[in-house]
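Any read-out appearing in this document is the output of simple, stated calculations on the displayed coordinates, not a laboratory observation. Just so you know, these numbers come straight off a predicted model, no measurement behind them. Note that we place each Cβ from the backbone using ideal geometry, even for glycine, and neighbour counts take in every protein chain shown.
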Ligand code: NCD
C-alpha cells in the first residue's frame, strides 16, 4: 500500500507517469468515469480549504466514486480530543482512500502509520503539500513542455509556504533548473530546504526585490503570506503586502513567462493581471482536479 506524504514519495519516473495519465484523462475524461465505481474517498480537513478539498471530491466523483468527510476540525471528534492516528484508523473502516489536511507538520505521517488505506497529505502545516506540487508540475509541463532548463521564481512567503517547499523539492530532480527566491529576509526558505539546495549543488539566488529578478524568470510562482502560521499579528501586518504583482511589473517579464499561484490570493496579485495572457493560475486550479484523478487511480491501483 502506498501513501503520498511528500513529493519525494514518488520517483521522477512515477511522477512523469502520473502526469501522462492526467493528460490522458484530460483528453478523454469519459473513459475514466467508472474506474472508481463503488470506491469511497474520505476528505479529512482539519484546516480551511477550497480548491484542494473540492478538487479531490470532484476528482473522485468524476471517477464514479463517492466521497465522505469533514471540512473543519470543529465538526470532527478532534474537537473532543481524538488523536489523528485514531481518526485515521477509524476512517480506514469507512473509506478506500483518505486525503487529509492538518495544521501540524507531520500529521499525515502519523495518520499513514495507523491507516489501513492509502493516505494522501493534502497539506501538513508549513511543511509539505504534494498534490499542489503535482498540480503545479502538470501545469508547467502542459504550458512549457518540459521542466529542464527552466528558471523558476518563487515569491512571497517562502518560509511558511508549504507549496513552495514541495515544489522546490520536486523541481530539483529535473535538469538545469534554476531558482530565484524572492522574499523579505524574515520569510526566506527554511534551512532544511536551503541546505538541500546547497548540498545538491543547485543554482539558486535569494533576492528581496521582485523587480530585480522577474525579467530572468520562465515561471513566476506567487504565494500568499501565511497569516495563520505567524506568531504575532504585527509581523503579519508588516509583511503581508511585501509583494504586489501588477501590470507595471509584468512589463519587465519575458513575453512567455507564466504566472502561477496555488491560490487563494489575498493582495499579492492585482486583479488587473488576470487579463494578462501569461496569468495561468485559474487554469492551474483546473489541472488540480485532473492530477488528483490520476493520483487516486494510482494509489487505488486501478490504473
Ligand atoms: C495553499 C495551501 O493550502 O497551502 N492552497 C492550496 O492548497 N491551493 C496555499 C495557501 O493557502 O496559501
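Considering the chain as a Gaussian network with a 10 Å cut-off on Cα pairs, which listed residue, 34, 128, 261, attains the greatest mean-square fluctuation?
Looking only at 34, 128, 261, the biggest GNM fluctuation is shown by 34.
Return the calculated 222 nm mean residue ellipticity for the chain, to the nearest 500 deg cm²/dmol, obtained by summing -39500 (n - 2.57) across DSSP H runs with n ≥ 4 and dividing by the residue count.
-10500 deg cm²/dmol
Sort 76, 183 so the one with the fewest other Cβ atoms within 10 Å of its own Cβ comes first.
The fewest-first ordering by Cβ neighbours comes to 76, 183.
Can you tell me which of 216, 196, 124 moves the most in a GNM of the chain? Springs connect C-alpha atoms under 10 Å apart.
Top of the fluctuation ranking is 196.
Please compute P(r) over all alpha-carbon pairs of the chain, binned at 20 Å starting from zero, and give each bin as a whole-number percent.
In whole percents, the pair-distance histogram is 35, 58, 8.
Would you give the gap between the C-alpha center of the stretch 204-250 and the C-alpha center of the stretch 1-29, rounded to a whole Å?
What the calculation gives is 30 Å, centre to centre.
Name the residue, out of 205, 151, 139, whose mean-square fluctuation peaks in a Gaussian network model built on the chain with Cα pairs under 10 Å.
Comparing 205, 151, 139 in the GNM, the peak value goes to 205.
Against the longest alpha carbon principal axis of the chain, how many degrees, from 0 to 90 and to the nearest 10, is the axis of helix 12-27 turned?
80 degrees
Which of 225, 302, 182, 177 comes first, and how do the rest follow, when ranked by fewest Cβ neighbours within 10 Å?
In order of increasing Cβ crowding within 10 Å: 302, 177, 225, 182.
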